[in-house]
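The values are calculated or read from the model by the stated rules, or taken from the named source; none is laboratory data. Keep in mind that what you see is a predicted model, and the values were worked out from it rather than measured. Glycine gets a Cβ as well: all are built from the backbone with ideal geometry, and neighbour counts include every protein chain shown.
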Amino acid sequence: MRSRELNLAAIIVVMFVNSTAIAQPEVIRCLPPEVPFTDLPEAVLSEYRAEIAAEFEAYFAAVSSHIACLDTERSRALSEAHSATEAYSTFLNTP
């Protein structure tokens, strides 16, 4: 009897470990770009003016793509919610 209990406990542990290993976090779809850092001494800002300006140009290009990604994600989420609403309505009307 003790062996059976241990086997059952082992199976439960394995199932628990497998279920947590299989559960993956949702994919982050739209990562925002980092804003260039300008909290620097004035001498550094002057010396690296061209590089910092280039970082801002890259940021503005990336933030445009980020906003487009957010728009796409919003559309996807609304579509998913619409489908869920239809599924729920069908469920509620099922006898």
Limited to the stretch 31-70, what total is found for residues that are among the hydroxyl-bearing types (Ser, Thr, Tyr) and more than 28 Å from the chain's Cα centre (by Cα)? 2
Show the residue pairs meeting these rules: Cβ distance below 7 Å; 6+ apart or different chains; first residue within the stretch 74-95 and farther than 19 Å from Ile28 by Cβ and modelled with pLDDT of 95 or more; second residue loosely packed, with under 10 Cβ neighbours inside 10 Å and among the charged types (D, E, K, R). none
Scan the stretch 29-40 and report the pairs whose first residue is under 18 Å from Glu57 (Cβ atoms) and free of Cβ contacts under 8 Å to residues at least 24 places away in the same chain and whose second residue is surrounded by 10 or more Cβ atoms within 10 Å (Cβ to Cβ) and not aromatic (Phe, Trp, Tyr), with Cβ atoms within less than 7 Å and a gap of 6+ or a chain change. Pro36/Ile52; Pro36/Glu55; Thr38/Leu45; Thr38/Ile52
Quick check on this structure: which one of Ala62, Ala81, Ala43 is of a type outside the set (Val, Ile, Thr), surrounded by 11 or more Cβ atoms within 10 Å (Cβ to Cβ) and either in contact with a Phe, Trp or Tyr (Cβ under 7 Å, 6 or more places away or on another chain) or assigned to a helix (DSSP H, G or I) (or both)? Ala62
Sort through Glu5, Glu55, Glu26 and tell me the only one that's part of a helix (DSSP H, G or I) and either under 30 Å from Ala77 (Cα atoms) or at pLDDT 80 or above (or both). Glu55
